[in-house]
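Data block below; observations after.
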Amino acid sequence: MSDTTALDAAKIAIRRWTREEPGAHALYGSRVLYAPSVLAEAAELLGKLYAAGQEHHIDPEDWAAVTSLPTGVLDVLVARYCSRVKLSTSELHAVRGTLIAELGARRVTVRPGQRIAVAPLSGGPAWGSRGGSGLSLGLSSSGGWDISVDEIASQSRPIAAPTTEEGAREVAVLVHKILRGETADPFAALPRGASA
């Protein structure tokens, strides 16, 4: 298996485990939203693991018979981006500022505070107990990004994304797609009227 073939197999596996396998037995499960750069990093790492296995005559299917390398790779990256974060106060403010500016550039109404409240877009989905709530974004200096319905007692879902200004740009794009209904609604599995 060439490095290119291993990378192609890895891209397919990562796509499958993050989109098509909501019941996958990952440590973090399907609750996590992924920035494109994290998915690319996961595919690259998995491709290298597949290529290393091939040197020992182990095909990707052989791994699947005993363990889930895609799940392991995703879990390791989620741990890095969602729990092993270290940001200084100035870095935190810069990254939050970039997120607010990027959402504003996309004509999204935001309300900065402890969390960043994001209003729903006209014609897009809305959430919450009355179906009119927007979203709430958090970034902590030790826990990374998260998203929730903008209601009290709403449970958050982690976003695996770099805690950098570039990561903030990726989060803004992801949130904008959610607001427009262009990507999977992270709260769609909830019964109507329930908050996350």
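The values are calculated or read from the model by the stated rules, or taken from the named source; none is laboratory data. All of these numbers come straight from a predicted model, not from anything done at the bench. Here the Cβ is made from the backbone with ideal geometry for all residues, glycine too, and neighbour counts use every protein chain on show. SASA here: full protein model, heavy atoms, side chains in, ligands and nucleic acids out. Shrake-Rupley method; radii C 1.70, N 1.55, O 1.52, S 1.80 Å.
On the stretch given as the range 54-67, residues that are surrounded by 14 or more Cβ atoms within 10 Å (Cβ to Cβ) and either under 18 Å from SER156 (Cβ atoms) or at pLDDT 90 or above (or both) total 0. Has the range 65-80 got any residue that is touching an Asp or Glu at 6+ places or on another chain (Cβ under 8 Å), under 24 Å from ARG15 (Cα atoms) and in contact (Cβ under 8 Å) with a residue 60 or more places away in the chain? Yes, there is a match, as at least one residue in the range 65-80 is touching an Asp or Glu at 6+ places or on another chain (Cβ under 8 Å), under 24 Å from ARG15 (Cα atoms) and in contact (Cβ under 8 Å) with a residue 60 or more places away in the chain. On the stretch given as the range 67-98, residues that are of a type in the set (D, E, K, R) and in a helix (DSSP H, G or I) total 4.
Does any residue of the range 178-185 turn out to be farther than 17 Å from ARG96 by Cα, out of contact with any Pro (no Cβ under 8 Å at 6 or more places or on another chain) and touching a residue at least 60 places away in the same chain (Cβ under 8 Å)? Yes, the range 178-185 has at least one match.
Return the residues of the range 96-107 that are surrounded by 12 or more Cβ atoms within 10 Å (Cβ to Cβ) and closer than 15 Å to ARG180 by Cα; say none if nothing qualifies.
Here is the first cut: in the range 96-107, the ones surrounded by 12 or more Cβ atoms within 10 Å (Cβ to Cβ) are 96-104, 106.
Hits for the range 96-107 are LEU103, GLY104, ARG106.
Starting from the range 94-111, take each residue that is closer than 15 Å to TRP145 by Cα and among the hydroxyl-bearing types (Ser, Thr, Tyr) and list its partners that are at pLDDT 95 or above and open to solvent by 70 Å² or more (accessible area, probe 1.4 Å), counting only C-beta distances under 8 angstrom and pairs at least six apart or across chains. Final answer for the pair search is THR98/GLU165; THR98/ARG169.
What number of residues within the range 108-140 are open to solvent by 60 Å² or more (accessible area, probe 1.4 Å) and under 15 Å from GLU182 (Cβ atoms)? Break it down stepwise before answering.
So the first thing to find is which residues in the range 108-140 are open to solvent by 60 Å² or more (accessible area, probe 1.4 Å), and the list is 109, 111-112, 114-115, 122-123, 129-130.
Checking the rest, the ones that are also under 15 Å from GLU182 (Cβ atoms) come to 122-123.
The total comes to 2.
Return the residue satisfying two criteria in turn: it lies in the range 23-49 and is open to solvent by 90 Å² or more (accessible area, probe 1.4 Å) and not in a helix (DSSP H, G or I), and of such residues it is modelled with the highest pLDDT. Give the derivation first.
So in the range 23-49, the residues open to solvent by 90 Å² or more (accessible area, probe 1.4 Å) come out as 25, 27, 31, 44, 48.
Of the ones still in play, those that are also not in a helix (DSSP H, G or I) are 25, 27.
Values: HIS25: 40, LEU27: 45.
Ranking the candidates gives LEU27 first.
Among residues belonging to the range 68-90 that are of a type outside the set (A, V, I, L, M, F, W, C) and open to solvent by 70 Å² or more (accessible area, probe 1.4 Å), point out the one that is nearest to the chain's Cα centre (by Cα). If you could, list the steps in order and put the result at the bottom.
Going residue by residue through the range 68-90, those that are of a type outside the set (A, V, I, L, M, F, W, C) are 68, 70-72, 75, 80-81, 83-84, 86, 88-90.
Restricting the remaining residues to those that are open to solvent by 70 Å² or more (accessible area, probe 1.4 Å) gives 80, 84, 86, 89-90.
Details: ARG80: 12, ARG84: 15, LYS86: 18, THR89: 23, SER90: 24 Å.
Going through the qualifying residues, I end up with ARG80.
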